[in-house]
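Here is the structure we will look at.
We did not get these values from a lab; they are worked out from the coordinates using the rules stated. Treat the numbers as computed from the prediction; the structure is a model and nothing was measured. Here Cβ is always computed from backbone atoms with ideal geometry, including for glycine, and neighbour counts include all displayed protein chains.
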Amino acid sequence: MLSAEAHPRDSLQRQYVYSVLSRRAGGISLGVNLNPDSICNWACAYCQVAREDKPKQRLEVDFERAAAEISEVLESVADGSLLKEPLHRGLPSELRHVVDLSFSGDGEPTTCPHFPALLEHVIAEKNRLELRLELVILSNNSMAHRPSVGAALRRLAEAGGRLHAKLDAGDEAGYLRVDRSAVPWQRTLGNLQLASRLAPLTLQTLICAVDGVYMGADELDSYIAILKGLLDEGGQIAKIDLHSVARRPPFDHVKGLPLSFLQSLAARIEDVEPRLAGLVYSSPGSDTYLLPGAAAHLEQKMV
Ligand code: SF4
């Protein structure tokens, strides 16, 4: 049976399409994994993707197979057979429904050359089968400057889909600490600006401590300045989702921060930038992986 604690990519015994029980979605989320080699252009300190036993060379996505799997699984949603599979049968009734289909998986989906065509295929199949599930792309936004990706994101917005874009830091030091990417920070910010003008963004911000270092008052001010800049330049923000480490991080020196800390960040963001009032949400991570002794010092640190 599916569990929110693990997100195996072979849950549906298919190569590209899987199902997970998603806290974010509040039910079953179908995933399309366009990175079967697990290669990613970011190397987030909290990343859950197991890469140890993966080949180091690129594996091309088989477009025909991926499109066929998408069609099969969406048809099984439409005729109800997906929920009858043993994997989903025992789920609590409030979670036993398919909420969305997301392009996510083991790397950055927009790096796949077939991403625009497969997005188009999903939109066409969703319309053909008259499915009401939401369409989501979980992205680090590193490819939005490419015309083909920008056009696909525009198409996503036209189809009523949502882009969940990562912004885990407020400055370059934080970006290098948490996301550990060779993609330049300025490009990441520029792409965020581009994407926010195409459609309202849901910003995903994972707050964690790396070697005991985490977002402090100065970095938070810079984070708020980035949000303000997006809005000033005509970008739209639908929601900001502050969250922390929910499952075992890949390194022992990566820890979560308590919900009270996330809530203090959220309150400060809404206070400084009134255009974001009511749009900042905090969700708890796991108590198991919290930074030891964090709660006692955090409020002071943010003053
Ligand atoms: S962008 Fe996603 S897949 Fe890539 S390293 Fe970060 S969390 Fe992992």
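Order these by the 10 Å Cβ neighbour count, fewest first: Asp168, Asp53, Asp232, Asp218.
Going from least to most buried by this count: Asp53, Asp232, Asp218, Asp168.
Isolated Cys in the chain by the 4.7 Å beta carbon test?
Cys40, Cys112, Cys208
What relative contact order, as a whole-number percentage, does the chain give when Cα pairs under 8 Å and 6 or more residues apart are counted?
Once normalised by length, the contact order is 16 percent.
Per DSSP helix of 4 or more residues, -39500 (n - 2.57); summed, then divided by the residues of the chain. What does that give at 222 nm, rounded to the nearest 500? All intermediate terms of the calculation are to be shown ahead of the outcome.
Working: 10 runs with 110 residues, N = 303.
Computed mean residue ellipticity for the chain: -11000 deg cm²/dmol.
How much of the calculated P(r) for the chain lies past 32 Å, in percent of all Cα pairs?
It works out to 25 percent of all Cα pairs.
Computed FRET efficiency, Cβ-Cβ of Lys84 and Glu130, R0 22 Å: what is it to the nearest 0.05?
0.65
Determine which lysines satisfy two conditions relative to Lys228: a Cα distance under 29 Å, and not lying fewer than 8 residues away in the same chain.
Result set, ordered by chain and number: Lys166, Lys239, Lys255, Lys301.
What translational diffusion coefficient, in µm²/s and rounded to a whole number, does the Stokes-Einstein relation yield for region 167-303 at 20 °C and a viscosity of 1.002 mPa s, taking the hydrodynamic radius as the Kirkwood radius over Cα pairs?
Diffusion coefficient, whole number: 141 µm²/s.
Looking only at GluC sites (Glu not before Pro) in DSSP loops with at most 12 other Cβ atoms within 10 Å, what is the longest site-free stretch of the chain?
Longest stretch, sites excluded: 131-232.
Which whole-angstrom value gives the distance between the alpha carbon centres of region 92-131 and region 16-46?
Going from one Cα centre to the other spans 11 Å.
Counting only DSSP beta bridges with both residues in the chain, what percent are antiparallel, rounded to the nearest 5? Walk me through the numbers on the way to the answer.
On the way: 11 of 38 bridges.
In the chain, DSSP labels about 30 percent of beta bridges as antiparallel.
Name the aspartates and glutamates eligible as straight-distance cross-link partners of Lys126: C-alpha to C-alpha under 12 Å, and not fewer than 8 places from it in the same chain.
Within reach: Glu72, Glu75, Asp100, Glu134.
If you take the charge dipole of the chain about its Cα centre, with +1 on Lys and Arg Cβ and -1 on Asp and Glu Cβ, which of His88, Leu176, Leu201 is farthest toward its positive end?
His88
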